[in-house]
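J.: Okay, here's the structure, questions in a sec.
No value in this document is a laboratory result; all are computed from the given coordinates. Keep in mind that this is a model prediction, so the values were computed, not measured. Cβ: placed from backbone, ideal geometry, glycine included. Neighbour counts: every protein chain shown.
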């Protein structure tokens, strides 16, 4: 989702700063400080952003981040990458599309509701649903839907690593938040990705 389908970091920063203030933390975040954490599991983000907080304090903070983000959802302005909606509509006619993210429970649902793309995805899996790593949830989706030749499309080296551990080919989009040298294919835009897969 993040860095592959849209850039919503400005809204995440707003939610994090509201939550930090609400929970009595003196620190704050910026778009730049969050960019390098996109795609990481919640605990890893919390350990970087509030390293001196206890586990309990981190949990309370993250719960509040979700509360603050959900307040933004109805009216927030997002940056969906060019051609994503059109591309998904085309890809849906030929492939099974599934979403996988390290986001909180409900994060992908919010994305689909906000972008009106619910009908385009067969299924989804979020880290917040079971607190398991992407490699585990990727294999859950593959097994559940009996996928024969899956690929995982992402934008970070972490995505590439999780794909490799799950033994799933990784497709890298260069316009996102990260970099990696480990991929089977790379694309510079969602239009380019769509054209390639529609012509297979």
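J.: Could you please rank 21, 134, placing first whichever residue has the fewest other Cβ atoms within 10 Å of its Cβ?
T.: 21, 134
J.: So what's the angle, to the nearest 10 degrees on a 0 to 90 scale, between helix 9-22 and the longest Cα principal axis of the chain?
T.: 20
J.: With mean projected area of the Cα convex hull in nm² defined as stated, name the option among [x] 13.7; [y] 18.5; [z] 10.8 computed from the structure displayed.
T.: Matching the structure shown: [z].
J.: Can you give the relative contact order of the chain as a percent, counting alpha carbon pairs under 8 Å and 6+ residues apart?
T.: Values: 283 pairs, mean separation 43.3, N = 200.
Relative contact order of the chain: 22 percent.
J.: Pull out the extension gain between residue 97 and residue 136, defined as 0.36 nm times the separation in residues minus the alpha carbon to alpha carbon distance; nm, one decimal.
T.: Answer, rounded to one decimal: 12.3 nm.
J.: Express in whole angstrom the spacing between the alpha-carbon centres of segment 21-65 and segment 83-139.
T.: 24
J.: Helix 55-72 sits at what angle to the longest principal axis of the chain, using alpha carbons and giving 0 to 90 degrees rounded to 10?
T.: Result, in degrees: 70.
J.: OK, next. So between residue 28 and residue 129, what do we pick up on full extension, going 0.36 nm a residue minus the alpha carbon distance? Let's see the in-between values first.
T.: Values: separation 101, 0.36 × 101 = 36.36 nm, distance 2.70 nm.
In short, 33.7 nm is gained.
J.: Output the 0 to 90 degree angle, nearest 10, between the alpha-carbon long axis of helix 134-144 and the longest principal axis computed from the alpha carbons of the chain.
T.: Helix 134-144 and the main axis of the chain meet at about 50 degrees.
J.: Between residue 192 and residue 55, what length in nm is gained on full extension when 0.36 nm per residue of separation is reduced by their alpha carbon distance?
T.: 45.0 nm
J.: I would also like to ask the following. With n ≥ 4 as the cut-off for DSSP H runs, can you work out [θ] at 222 nm for the chain, using -39500 (n - 2.57) per run divided by the number of residues, rounded to the nearest 500?
T.: Working: 10 runs with 96 residues, N = 200.
Using -39500 (n - 2.57) per qualifying helix, the result is -14000 deg cm²/dmol.
J.: May I pose another question? Translational diffusion coefficient of segment 120-200 at 20 °C, 1.002 mPa s, Stokes-Einstein with Kirkwood Rh over Cα pairs, in µm²/s as a whole number.
T.: 160
J.: For segment 1-95, I need the span (max minus min coordinate) of the C-alpha atoms along each principal axis, in Å, sorted largest to smallest.
T.: 48, 26, 21
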